[in-house]
1. Would it be correct to say that residue 51 is in contact (Cβ under 8 Å) with a residue 12 or more places away in the chain, surrounded by 10 or more Cβ atoms within 10 Å (Cβ to Cβ), touching a strand residue (DSSP E or B) at 6+ places or on another chain (Cβ under 7 Å) and within 30 Å of residue 22 (Cβ to Cβ)?
2. Consider region 1-47. How many of its residues are in contact with a helix residue (DSSP H, G or I) (Cβ under 9 Å, 6 or more places away or on another chain) and at pLDDT 95 or above?
3. Within the set of pairs 6 or more residues apart or between chains, which connect a residue that is on the phi > 0 side of the Ramachandran plot inside region 56-81 to a residue that is exposed (fewer than 10 other Cβ atoms within 10 Å of the Cβ) and in a helix (DSSP H, G or I) with Cβ atoms less than 7 Å apart?
4. Hey, can you tell me all the residues within region 26-38 that are within 15 Å of the ligand (Cβ to nearest atom) and touching a residue at least 12 places away in the same chain (Cβ under 8 Å)?
Ligand SMILES: [Zn+2]
């Protein structure tokens with residue numbers, strides 16, 4: 001219990017990350033300048049040094065975009081005037097509903113007992 005936490009803390013406190021450093025290119029295997037950025041490329045072959053992290057980041061952004069498009073009240077470019085109004089009104093109701101829910105939760109939370 002305490003041992004695990006202490007161990008993790010001491011490992012990370014001993015690591016010093018310099019702002020600019022060197023990283024071995026995952027593509028060509030040569031050492032290249034790395035500014036600890038996800039967008040840095042290898043100076044020898046031009047490959048992304050954090051290709052895996054980049055792919056993960058892109059997948060995450062794509063998922064957020066998809067979720068937003070799936071959201072019922074997001075106005076789409078293909079919507080006609082009536083649909084736009086309906087979505088806006090629906091959105092107001094939805095926000096009100098969420099606000100009331102959080103208010104009830106807050107009241108229940110602050111109630112004694
Ligand atoms: Zn390279």
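1. Values: in contact (Cβ under 8 Å) with a residue 12 or more places away in the chain: yes; surrounded by 10 or more Cβ atoms within 10 Å (Cβ to Cβ): yes; touching a strand residue (DSSP E or B) at 6+ places or on another chain (Cβ under 7 Å): no; within 30 Å of residue 22 (Cβ to Cβ): yes.
So residue 51 fails the test.
2. Counting residues in region 1-47 that are in contact with a helix residue (DSSP H, G or I) (Cβ under 9 Å, 6 or more places away or on another chain) and at pLDDT 95 or above gives 0.
3. Note: no pairs meet the criteria.
4. Step one: of region 26-38, the residues within 15 Å of the ligand (Cβ to nearest atom) are 26-34.
Of everything in region 26-38, those that are within 15 Å of the ligand (Cβ to nearest atom) and touching a residue at least 12 places away in the same chain (Cβ under 8 Å) turn out to be 26, 27, 28, 30, 32, 33, 34.
The values are calculated or read from the model by the stated rules, or taken from the named source; none is laboratory data. No experiment lies behind these values; they were computed from the predicted model shown. When we count neighbours, we look across all protein chains shown, and the Cβ atoms used for this are built from the backbone with ideal geometry, even at glycine.
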